[in-house]
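A.B. asks: First, the structure itself, so that you have it in front of you.
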Amino acid sequence: MKLSARQLCFFLAAVAPAGKLVLLPSQLAAKAGNDLLFPLAAHIVFEAALVFLVLLLARRERTVYAMIADMVGGAAAKAACILLAAFLLWASFVPLIEQKLLVQTLFYDTLPSYVAFAPFFLLAGYLCAKPLASMGRLWDILAPLFCVGLTGVLLFACGSADLGALAPVGGSGAAGFWRGLFGASSWFFDAALLLPLLGHFPYQKGLALRGALCYLAGGGAVVLFCALYFGVFQELAVSQPFAFSQMSKYFSGVAAMGRVDYIFIFSIAFVMLFYTAMPVQAAVDVVAEAFARPRALAPALSAACNAAAFAALLAFNFVPSETIALISVRLFWIFPAFSAGMLLVLYAAWAAGRRRRHAQ
Amino acid sequence: MRNNGWLRRMPKRLWAVLAALLLFTFLSNDFGLVDLQKTAIVLAAGIDRSEEGFSVTAQIAVPKGSDRTTGGTSSVELTGTGGTVADCFSAIYAQTGWLPKLVFCDLLLLGEDAARAGAFGALDYFLRDEYAPDSCTLAVCEGSASALLRTASAVDDASSLALETLFSDAAKKAGRIRTTTLREFCITSYGASACGYMPYVRITDPGRQSADGAAGGGNAGGKGGKQADAAKEAVFDASQTALFSHGKMTGLATAQETFAMSLVYDRVYGGSLAAGGATLTVLKNDGGVSFPRDPAPAVQFSVKLSLALADRSAPAPPTSLAAGTVPPETVDAAKAEVTAHLAALWARCVQADCDLFLFRRTLFRHDRALYAQWKDRPLEDLPAYFTIEAESLR
Amino acid sequence: MEYVSKDLTKTREALRALLPAQDILCTALTDGAGRQACCFFADAVTDKDLLGEQVLRPLLAYRGAAEGALLTAALPVPEVRVANALSVLAEEVLAGNPVLLLEGMAEGVIAGTKKVPARAVAEPPTDVATKGPREGFTEDVKTNTALVRKRLKTGELEIEFLTVGKRSRTAVAVCSLKGISAAGVKERIVQTLSAVSIDTVPDASFLARLLSDRKHALLKQLGTTEKPDIFCAKLAEGRVGVLTDGSPVALTAPYLVVEDLQSAEDYFVPAARATFTRLLRLFALLFAVYLPAFYVASQLYKLQLLPVKLALTIAGSIRDLPLSPSMEMLLVLLLLEILNEASIRMPKYVGMALSVVGALVLGETAVSAGFVSTPAIIIVALSGIGLYTVPNLIEQTSVLRLVMLLAAGSIGTYGILLLTALSLMRLLSAESFGVPVAAPFAPFVRQDLKDALLKSDLYALGMRPRCIGSPNKRRMK
């Protein structure tokens, strides 16, 4: 099953932003204060550039494995794919923790058993056994759903937001900017998520630019969301980790009709379910493909990866803050370094392939 | 490809296991959670200082059963004491077996002692608890919060719901009450201005207060229902406003000062103003406060009013009854009245060191250098100017 | 294979051996030339008046040569043919067409005078229309093809007859419009049905299963209708239809889920009204599936889903109930299903009594006795009504509703969300004859949205639906 360019754009514009609405805003507020929008915008622009470069690679319509194998042979390509999968599994941890914390708060009135989150892995196991490229139709549905959800939340929240709280511009200084930039790194790996999709969609003229613009549009929505988030919570922003589920409840209609905003919140949470499973799905996909037996290998790999993720999550159950700090603060550099490094390798592979073709 | 028969058969087996698991969890019906039948729906919490630390009275809704021939909401008040608010709730849970669920808690009522000792000692729990809404209304009450919650109200069976009616939009529109939520209070209190306000609730006729308002102490004493036999039903008043500085209640604005505050901040429609021997209705207002920084920082209040004549103590010719226009001298008297109320409010804020009009926050946002100068400087150094314009309905 | 011989006695005995049943009669007679003849016919399914007037009377006067071609020319029956295989003749007799055998003739003459007892064309009970045509298919495939032909008077309408079922020998008509039907669909249907080896085909639903790719899927993969006008409209959109003898239900392929949210009436009322009713149906369907689940989830895990006053009302009504909220809802839901099942199967004269028992005794008394709460009854009643706004999906949605309830009772709203995600994945990966059933939403086909949930005006529907894949794109200029 092949993806279409439209489905890819839908993912970049309206599915990828779903992963940035839970812990990221409060993390940014904690690191960059009222200047939270600047590091966020910087990340979005950088990631959009990476998305552009990844989509440009799609012109060859070859998979990551095939591209690297052309340059350095099958064994090394397999190793590279395993490395990419390891990175994606690492990247999956923050969304998984977010999902776990979100489930506890959003879906329950009292603290549930910590295994209440476990059924997610059944869905994830099912999803991961399917190739990432088969998600196109899903993105066709999720994109409008996310747009409706986010629009609803933003409309409900805008009345209680004081955008003046974003002043003074630059109040946190360069130090705040860098802290925010580093602290938010672990939420930006969308370009790497696209790598397993290479070779599974036909390249159309201008797709790279369109994809990057779609990512920027989605990022713009996240920036607007964060601006309103800070406007609503201001000094309390650092202590509001489930931003999108909290912002809309101050709308006056909510008092009269009950929590009607849950319609929008659940829409976003629904999209988030799929986004959370995506890094693991991408990891399974890239390994299964490297070993050229996707159908046979994917279910077993999916079960193994999800079981490992679940076990790791249980192990870190009581130290979520420490875990997030480890991933997003101490080892933040892994994300930009890997995304850019992998792209360099792929472009080198591309150049080598071109040279070889010219020589022939 | 190798024959992966077991893999092909896996989905069916997996589905069977999943179905069994789902049925098991459904029938066991326990995910460490508490359902509605074992839950205490807390409508309001009253927090007082006690010898142990805190005393929390939770007003819990009592379902009326399927026979709903009568209106209103029955409630029961349970009190728990402990070193912290969390301890108090635990005490209630331990004594009754009802888990207090705060998701519907729409009112946090602080006893005056608790408010003067520092609101955040009482509010910290509600900020930390993920399941407590920060959209609940905050209020301070005269005397004990527990006593007030236990008072039978003339408006609703549950005193908290009577207070909710009192805090309704209609009262706010009339400019008589200024309410705040936990989130709003925390934002201003944790902000550069470190101030806040809450409506101050009292029972208008103390004689009507229930005989034993403070009963139900101990670790978790319960007292079912109001003392309806002993007490006449009370009426609450919240026209005064408690002023907070650095989380502590430091002053109390009068009803007139509260009205003046509403004229500055809110859209008042139908609020009444007594001036020049007449009662005027505020049909429209446009208020604001600014802080001119040149040549020196000052606070500038400006209010524009459209007034109509509602009543006058002196007899008037019938021709003037239909018009409702306000005589110029009454308009002038109204301007003077509003100026006086605003000046009194400003003086009260200065006295309470309550930066109610967010002067320091404005400097923080727009002039960091000036903010550094005024951060710890008393507000009395700040001159206040009042521009009040008023016109009669034509 | 045995054939007709010129020796009449031998042929008669051989055919009798193939048709030993007592309702197969054999009449011996002599033709105008004095030759022995006989006529085999099935007693109950042959029109004996026609047989006497148009077959036997001319035979008694026939003096021509003993040749099938000549004899058929002498019979004034519009549908007549010859065959020499005894098995074919036996099949025709069983189908109600009498077979004539003549001494010295090595062929049997088949006269098309069958008279199968058939219901008159009537409005189908499951698809009632207040506006628009009211005709419905019957159990007779010939009548049904006639109803189709009546509406599509074009040479492009192709009807291919197949026989499916080793013992039922059920006639199946595969209908398509040449140059309009999606490529390959008809061929695939014919190929699949020809290859099927099954004893009997009592109903079209058997064929629907046989034609499905995913044999165990809950979601159907062929559309169904009982109305010829809808059937023809679907053919005109590029679909292929299957009519089955013995079933008033016609199948259409490829199938899109959105079809079931549409009704024939949508095309006979203003577009705005049609759009409104379609959205209403979707809302009612979602409401029906999710309402019991969310009700239980809110009580057990997430009270905030309810406004406070409603939560208090519910808390009041479930006080002192012996069952947990999830078990209570399951019980009431099962009760509804039982009542539903009983009301369909019960003789009509006790139907009224059942309504009284269901509504009053079980509902009112159960509440009074404190077995179940009033809100639970209301929720299930609303859900039950909502489900019937889309009757074609009732099998799927009622199962989904039950599973949603189990998920909600187990882990609450999160369970509902996870199950919805899983169901969505299954729905999106399902295809009907190569066409995704969730089209035009996934994959997104903008042009087809004009007649999906929203209904555009007739002038805007100039093109056939793209997702069906008809080679002829335009239907109106």
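The values are calculated or read from the model by the stated rules, or taken from the named source; none is laboratory data. Fair warning: this is a prediction, and the values are worked out from it, not measured in the lab. Reconstructed Cβ throughout: ideal geometry from the backbone, glycine too, with neighbour counts over all protein chains shown.
A.B. asks: Looking at region A:12-45, which of its residues are within 14 Å of chain C (Cβ to nearest Cβ) and under 15 Å from A:Pro95 (Cβ atoms)?
C.D. replies: Restricting attention to region A:12-45, the residues satisfying the condition of being within 14 Å of chain C (Cβ to nearest Cβ) are A:13-15, A:18.
If the condition is that a residue be within 14 Å of chain C (Cβ to nearest Cβ) and under 15 Å from A:Pro95 (Cβ atoms), then A:Val15, A:Ala18 are the ones that fit.
A.B. asks: If we scan region A:135-154, do we find a residue that is away from chain C (no Cβ under 13 Å) and outside any helix (DSSP H, G or I)?
C.D. replies: no
A.B. asks: Could you look through region A:156-196, keep only residues that are within 14 Å of chain B (Cβ to nearest Cβ) and among the hydrophobic types (A, V, I, L, M, F, W, C), and pick out the one that is surrounded by the most Cβ atoms within 10 Å (Cβ to Cβ)?
C.D. replies: A:Ala157
A.B. asks: For residues that are more than 10 Å from chain A (Cβ to nearest Cβ), in contact (Cβ under 8 Å) with a residue 12 or more places away in the chain and not in a loop (DSSP other than H, G, I, E, B), scanning just region C:433-449, find the one that is farthest from C:Leu211 (Cα to Cα).
C.D. replies: Here is the first cut: in region C:433-449, the ones more than 10 Å from chain A (Cβ to nearest Cβ) are C:433-435, C:437, C:447-449.
Going one step further and asking which of them are in contact (Cβ under 8 Å) with a residue 12 or more places away in the chain, we end up with C:433-435, C:437, C:447-448.
Within this subset, residues satisfying the condition of being not in a loop (DSSP other than H, G, I, E, B) are C:435, C:447-448.
Numbers: C:Val435: 14, C:Gln447: 28, C:Asp448: 25 Å.
The extreme case among them is C:Gln447.
A.B. asks: Moving to a separate point now. Taking C:Leu282 as the residue in question, decide whether it is surrounded by fewer than 24 Cβ atoms within 10 Å (Cβ to Cβ), aliphatic (A, V, I, L, M), more than 14 Å from chain B (Cβ to nearest Cβ) and part of a helix (DSSP H, G or I). Break it down into steps so the answer makes sense when it comes.
C.D. replies: On the way: surrounded by fewer than 24 Cβ atoms within 10 Å (Cβ to Cβ): yes; aliphatic (A, V, I, L, M): yes; more than 14 Å from chain B (Cβ to nearest Cβ): yes; part of a helix (DSSP H, G or I): yes.
So C:Leu282 fits the description; yes.
A.B. asks: Check C:Val242 against each of (1) touching a Lys or Arg at 6+ places or on another chain (Cβ under 8 Å); (2) modelled with pLDDT of 95 or more and name the one condition it does not meet.
C.D. replies: Tallying (1) touching a Lys or Arg at 6+ places or on another chain (Cβ under 8 Å); (2) modelled with pLDDT of 95 or more, C:Val242 fails exactly one: (1).
A.B. asks: How many residues, within region B:336-394, are of a type in the set (Asp, Glu) and in contact (Cβ under 8 Å) with a residue 40 or more places away in the chain? Talk me through it step by step, then tell me what you get.
C.D. replies: First pass over region B:336-394, keeping only residues of a type in the set (Asp, Glu): B:337, B:353, B:355, B:367, B:376, B:380-381, B:389, B:391.
Next cut, in contact (Cβ under 8 Å) with a residue 40 or more places away in the chain only: B:337, B:353, B:355, B:367, B:389, B:391.
Qualifying residue count, region B:336-394: 6.
A.B. asks: On to the next question. If you scan region C:368-402, which residues turn out to be among the β-branched types (Val, Ile, Thr) and surrounded by fewer than 18 Cβ atoms within 10 Å (Cβ to Cβ)?
C.D. replies: Here is the first cut: in region C:368-402, the residues among the β-branched types (Val, Ile, Thr) are C:372, C:374, C:377-380, C:385, C:389-390, C:394, C:397, C:399.
Selection gives C:Ile378, C:Ile385, C:Ile394, C:Val399.
A.B. asks: I've got another one for you. I need the helices (runs of 4 or more DSSP H) fully contained in region B:284-377, keeping only those with at least 1 residues that are within 23 Å of B:Thr179 (Cβ to Cβ). Full working, then the answer.
C.D. replies: Values: elements: B:319-323, B:328-352, B:359-366, B:368-374.
Answer list for region B:284-377: B:328-352, B:359-366.
A.B. asks: Just the residues that are under 14 Å from A:Ala352 (Cα atoms) and surrounded by fewer than 17 Cβ atoms within 10 Å (Cβ to Cβ), please, taken from region A:57-106.
C.D. replies: A:Val72, A:Gly73
A.B. asks: Moving on. Quick check: is even one residue across region B:69-86 within 11 Å of chain C (Cβ to nearest Cβ), within 26 Å of the chain's Cα centre (by Cα), within 26 Å of B:Gly143 (Cα to Cα) and at pLDDT 70 or above?
C.D. replies: Checked region B:69-86: at least one residue is within 11 Å of chain C (Cβ to nearest Cβ), within 26 Å of the chain's Cα centre (by Cα), within 26 Å of B:Gly143 (Cα to Cα) and at pLDDT 70 or above.
A.B. asks: Further, regarding this structure: Looking at A:Gly219, A:Gly199, which one is in contact (Cβ under 8 Å) with a residue 60 or more places away in the chain, on the phi > 0 side of the Ramachandran plot, out of contact with any Pro (no Cβ under 6 Å at 6 or more places or on another chain) and not polar (S, T, N, Q)?
C.D. replies: On the way: A:Gly219 fails: on the phi > 0 side of the Ramachandran plot.
The match here is A:Gly199.
A.B. asks: Mind listing whichever residues of region C:278-317 are modelled with pLDDT of 95 or more and of a type in the set (Ser, Thr, Tyr)?
C.D. replies: C:Tyr290, the sole residue that qualifies.
A.B. asks: I need the full set of residues from region C:402-432 which are touching a residue at least 40 places away in the same chain (Cβ under 8 Å) and away from chain B (no Cβ under 14 Å), in order please.
C.D. replies: Passing the criteria: C:Leu427, C:Ala430, C:Glu431, C:Ser432.
A.B. asks: Pick out the one residue from C:Thr143, C:Thr163, C:Thr154, C:Thr130 that is modelled with pLDDT under 95, more than 17 Å from C:Thr252 (Cα to Cα) and assigned to a strand (DSSP E or B). Show your work before the answer.
C.D. replies: Details: C:Thr143 fails: assigned to a strand (DSSP E or B); C:Thr154 fails: assigned to a strand (DSSP E or B); C:Thr130 fails: assigned to a strand (DSSP E or B).
Just a single option satisfies the conditions, and that option is C:Thr163.
A.B. asks: Looking only at region B:149-186, how many residues end up being assigned to a helix (DSSP H, G or I), out of contact with any Cys (no Cβ under 8 Å at 6 or more places or on another chain) and within 12 Å of another protein chain (Cβ to nearest Cβ)? If you could, list the steps in order and put the result at the bottom.
C.D. replies: Step one: list which residues in region B:149-186 are assigned to a helix (DSSP H, G or I), which gives B:149-150, B:159-166, B:169-173, B:182-186.
With out of contact with any Cys (no Cβ under 8 Å at 6 or more places or on another chain) added as a condition, the list becomes B:149-150, B:159-166, B:169-173, B:183-186.
Those left that are additionally within 12 Å of another protein chain (Cβ to nearest Cβ): B:160-161, B:164, B:169, B:172, B:183-186.
Residues meeting the conditions: 9.
A.B. asks: Checking C:Ala293 against (1) within 13 Å of C:Ser373 (Cβ to Cβ); (2) within 13 Å of chain B (Cβ to nearest Cβ): exactly one of these is not met. Which one?
C.D. replies: Condition (1) is where C:Ala293 drops out.
A.B. asks: Can you say whether B:Leu7 is modelled with pLDDT of 75 or more, at the interface with chain A (Cβ under 9 Å from one of its Cβ atoms) and more than 30 Å from B:Asp134 (Cβ to Cβ), as far as the supplied structure shows? Working first, answer last.
C.D. replies: On the way: modelled with pLDDT of 75 or more: no; at the interface with chain A (Cβ under 9 Å from one of its Cβ atoms): yes; more than 30 Å from B:Asp134 (Cβ to Cβ): yes.
Against the criterion (modelled with pLDDT of 75 or more, at the interface with chain A (Cβ under 9 Å from one of its Cβ atoms) and more than 30 Å from B:Asp134 (Cβ to Cβ)), B:Leu7 does not qualify.
A.B. asks: Is region A:286-298 home to any residue that is more than 12 Å from chain C (Cβ to nearest Cβ), aromatic (Phe, Trp, Tyr) and farther than 29 Å from A:Leu163 by Cα? Show your work before the answer.
C.D. replies: At the first step, the residues of region A:286-298 found to be more than 12 Å from chain C (Cβ to nearest Cβ) are A:286-298.
Pick out the ones that are also aromatic (Phe, Trp, Tyr) and you get A:291.
Of the ones still in play, those that are also farther than 29 Å from A:Leu163 by Cα are A:291.
Checking region A:286-298: at least one residue is more than 12 Å from chain C (Cβ to nearest Cβ), aromatic (Phe, Trp, Tyr) and farther than 29 Å from A:Leu163 by Cα.
A.B. asks: A further question follows. Looking at region C:377-412 only, could you name the residues that are farther than 30 Å from C:Glu265 by Cα and part of a helix (DSSP H, G or I)? If you could, list the steps in order and put the result at the bottom.
C.D. replies: Filtering region C:377-412 down to residues farther than 30 Å from C:Glu265 by Cα leaves C:377, C:402-412.
If the condition is that a residue be farther than 30 Å from C:Glu265 by Cα and part of a helix (DSSP H, G or I), then C:Ile377, C:Leu402, C:Val403, C:Met404, C:Leu405, C:Leu406, C:Ala407, C:Ala408, C:Gly409, C:Ser410, C:Ile411 are the ones that fit.
A.B. asks: All but one of (1) under 28 Å from A:Phe332 (Cβ atoms); (2) assigned to a helix (DSSP H, G or I); (3) touching a residue at least 40 places away in the same chain (Cβ under 8 Å) hold for A:Ala174, so report the exception by its number.
C.D. replies: Among (1) under 28 Å from A:Phe332 (Cβ atoms); (2) assigned to a helix (DSSP H, G or I); (3) touching a residue at least 40 places away in the same chain (Cβ under 8 Å), the lone unmet condition for A:Ala174 is (3).
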